[in-house]
Amino acid sequence: MRFGRNNVFSCEYIFSSLANMTFANKITICRIIIVPFFIATVLYYSPEFDFLRLVALGLFLFAVISDVIDGYIARTRNQKTIAGAILDPLADKFLLISAFTCLYFKPEIASPFLPLPIWFVVAVISRDIILLIGAMIIFLVRGVFNVEPTKWGRATAFFQISSVFSVFLHWNFSLYIWIVTLILTLISLVDYTIKGIEIINNES
């Protein structure tokens, strides 16, 4: 394998690609890069190193804030791109699926009286996987992916993020947040499924 000037592994190619990205795209890429560090922090957590819980929470919070910032920049500075339309939801799903999976398999990071239940994790992850598959189908049919978030989707994202915070911060009312999140997760899945079918039917 060559590592010359035009090779994808060359520094010149990498920096050139980064220079051609919009600022919103760069923030999205940073959010994706954060996820492995978040995963490692959660998996290495133990009660003796409780500070890692706060570090993981900080990384998650940073990723959430960066999502808001790159969305705002893309809308207000006319930086909406095809790459952004694909990478941004992928980054969100990657973050949330990783968070719920890791937190389930590291129950000691949660409150000992209220561990994250398997029914909740399965519901949230299944919904996101179904939506990713649906997005790929739409992309294959239309050649582009331009599905705008719905009010149900935004509400679900808010409560899913709140659910992650509730685990890290040991909120006593976490179960109520999880129940609301589960209901919104199912509603938004049906909502996006209907809209996806309409998009595919209109294309054909």
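The values are calculated or read from the model by the stated rules, or taken from the named source; none is laboratory data. Since this is a predicted model, take the numbers as computed values, not measurements. Every residue, glycine as well, gets a Cβ built from its backbone with ideal geometry; the counts of neighbours run over all protein chains shown.
Working only within region 46-57, note down all residues that are small (G, A, S) and in a loop (DSSP other than H, G, I, E, B).
Result: S46, single match.
One line per residue, one yes/no per condition, for (1) of a type outside the set (A, V, I, L, M); (2) surrounded by fewer than 18 Cβ atoms within 10 Å (Cβ to Cβ); (3) not in a loop (DSSP other than H, G, I, E, B):
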{"residue": "F113", "(1), (2), (3)": "yes, yes, no"}
{"residue": "W119", "(1), (2), (3)": "yes, yes, yes"}
{"residue": "V122", "(1), (2), (3)": "no, yes, yes"}
{"residue": "L132", "(1), (2), (3)": "no, yes, yes"}
{"residue": "L140", "(1), (2), (3)": "no, yes, yes"}
{"residue": "S162", "(1), (2), (3)": "yes, yes, yes"}
{"residue": "F165", "(1), (2), (3)": "yes, yes, yes"}
{"residue": "T181", "(1), (2), (3)": "yes, no, yes"}
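Identify, from the list F60, F100, F94, the residue that is touching a Phe, Trp or Tyr at 6+ places or on another chain (Cβ under 7 Å), surrounded by 17 or more Cβ atoms within 10 Å (Cβ to Cβ) and part of a helix (DSSP H, G or I). Even if it seems obvious, please write down each step before you answer.
Working: F100 fails: touching a Phe, Trp or Tyr at 6+ places or on another chain (Cβ under 7 Å); F94 fails: touching a Phe, Trp or Tyr at 6+ places or on another chain (Cβ under 7 Å).
Exactly one residue qualifies, and that residue is F60.
Would you mention how many residues in region 142-160 are loosely packed, with under 14 Cβ neighbours inside 10 Å and among the small types (G, A, S)?
Residues that pass the stated criteria total 1.
Would you confirm whether any residue within region 180-187 is without any contact (Cβ under 8 Å) to a residue 40 or more places away in the chain and over 23 Å from A63 (Cβ atoms)?
Within region 180-187 (the criterion being without any contact (Cβ under 8 Å) to a residue 40 or more places away in the chain and over 23 Å from A63 (Cβ atoms)), the answer is yes, since at least one residue qualifies.
If we scan region 170-177, do we find a residue that is modelled with pLDDT under 95, buried (at least 19 other Cβ atoms within 10 Å of the Cβ) and assigned to a helix (DSSP H, G or I)?
yes
Among the listed residues P149, P89, identify the single one that is part of a loop (DSSP other than H, G, I, E, B) and under 14 Å from the mean Cα position of the chain (by Cα). Show your work before the answer.
Values: P89 fails: part of a loop (DSSP other than H, G, I, E, B).
After ruling out the rest, the residue left standing is P149.
Residue by residue through region 5-45, note down the ones that are modelled with pLDDT of 75 or more, of a type in the set (V, I, T) and either out of contact with any helix residue (DSSP H, G or I) (no Cβ under 9 Å at 6 or more places or on another chain) or part of a helix (DSSP H, G or I) (or both).
Matches in region 5-45: I27, T28, I29, I32, I33, I34, V35, I39, T41, V42.
From P117, P112, which residue is closer than 26 Å to T41 by Cα and modelled with pLDDT of 90 or more?
From the options P117, P112, the qualifying one is P117.
If you check D50 against the conditions, is it at pLDDT 80 or above and over 19 Å from S162 (Cα atoms)?
Numbers: at pLDDT 80 or above: yes; over 19 Å from S162 (Cα atoms): yes.
Against the criterion (at pLDDT 80 or above and over 19 Å from S162 (Cα atoms)), D50 qualifies.
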